[in-house]
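Colleague: Dropping the structure in here first, questions after.
The values are calculated or read from the model by the stated rules, or taken from the named source; none is laboratory data. Source: prediction; values computed, not measured. All Cβ positions, glycine included, derive from the backbone under ideal geometry; neighbour counts span all protein chains shown. These area figures cover heavy atoms from the full protein model, side chains too; ligands, DNA and RNA do not enter into them. Shrake-Rupley method; radii C 1.70, N 1.55, O 1.52, S 1.80 Å.
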Amino acid sequence: MVEIIAVFIIIGLIVIGILASPILIKQRRNCVKRRLFPPLWTAIIENHLPIYLQLSPDERRRLQGHIQVFLAEKQFIGCGGLQVTEEMKVTVAAVACLLLLNERGKYFPKLRSILIYPGTYLVNQTVATGNYVVEERREARLGESWTQDQVILSWERIQQDAGNWKDGHNVVLHEFAHQLDQEGRTANGVPILPRNSDYPVWAQVMTAEYQQLCHDIPRKVKTVMDGYGTTNPAEFFAVATETFYEKPRQLKQHHPALYEQLQSYYQLDPIQWT
């Protein structure tokens, strides 16, 4: 009897721990957000996030809180001989947390580590060439997002993006949009939406916009979004996110339905920052 009671007590404690965990995490994060935001970090953000000063005071405060939580929970690893600096960490966190600005994310729950290379890096890529032939190639990359626990970035490209905010290309926005997409089981261009009723409209708009881009790019039609978005629906969502934040006016003018879906998902309107 004593053993049975002990088992029930242990089970009860486990259940209480599971139920209390989200509350404890939220409390811990709120404590982190209340810390004094270092003046050095503010200077770094102002130098590397061109739209920062266009945010409202409340948006800047919330972004600072998200940055503090992000930096407290994620680890940064330098690759290719790179020594990760405070500047690098704060820059990546500031841009990534723009995607979470209006509390629509859970701080990329699957992500544990951000790997940063000095510039373009090479990976071995296995490619099926047909007739049961598999070929291994060396492929140059600027960034990638793994479903498990990592994002890989090029610091050189991050710096270039900071200096060309309105060109629609941003490796941090792109790879962290993949992280949002990967919060579900697979990366398919459909992130977790607030309501079940949102999915049919999302699918209708995104499918139509993706097909339009796939139609326009081979015909050399000038487009607002980069042609890399034709790769697959997951890449289309990431490219659309880059464009939404960096070229909001053009996106809304030429693709109003797509803009509306992204505005609803991210719960903000970047046009107010331009």
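Colleague: Would you please list the contacts, defined by Cβ atoms under 9 Å and residues six or more apart or on different chains, that run from a residue in region 245-262 that is touching a residue at least 60 places away in the same chain (Cβ under 8 Å) to a residue that is surrounded by fewer than 16 Cβ atoms within 10 Å (Cβ to Cβ) and in a helix (DSSP H, G or I)?
Modeller: Listed pairs, sorted by first residue: E246/K166; E246/D167; K247/K166; K247/D167; Q261/D198; Q261/V201.
Colleague: Same structure again: Looking at region 182-195, which of its residues are modelled with pLDDT of 95 or more and either open to solvent by 20 Å² or more (accessible area, probe 1.4 Å) or closer than 19 Å to L142 by Cβ (or both)?
Modeller: Listed by number, the list holds a single entry, V190.
Colleague: For region 29-64, give me each residue that is outside any helix (DSSP H, G or I) and more than 27 Å from Q160 (Cβ to Cβ).
Modeller: R34, R35, L36, S56
Colleague: Then there is this: So which residues in region 143-164 are open to solvent by less than 60 Å² (accessible area, probe 1.4 Å) and closer than 28 Å to A43 by Cβ, if there are any at all?
Modeller: G143, V151, I152, L153, S154, W155, R157, I158, D161, A162
Colleague: Return the residues of region 225-234 that are under 14 Å from E175 (Cα atoms) and either crowded, with 21+ Cβ neighbours inside 10 Å or without any contact (Cβ under 8 Å) to a residue 24 or more places away in the chain (or both); say none if nothing qualifies.
Modeller: Y228, G229
Colleague: Moving to a separate point now. Could you please find all residues in region 210-253 being touching a His at 6+ places or on another chain (Cβ under 6 Å) and assigned to a helix (DSSP H, G or I)?
Modeller: Matches in region 210-253: A238, E242.
Colleague: If you don't mind, there's one more thing I want to ask. Filter region 71-88 down to the residues that are within 23 Å of L36 (Cα to Cα) and in contact (Cβ under 8 Å) with a residue 24 or more places away in the chain and list them by number.
Modeller: Of everything in region 71-88, those that are within 23 Å of L36 (Cα to Cα) and in contact (Cβ under 8 Å) with a residue 24 or more places away in the chain turn out to be A72, E73, K74, Q75, F76, V84, E86, E87, M88.
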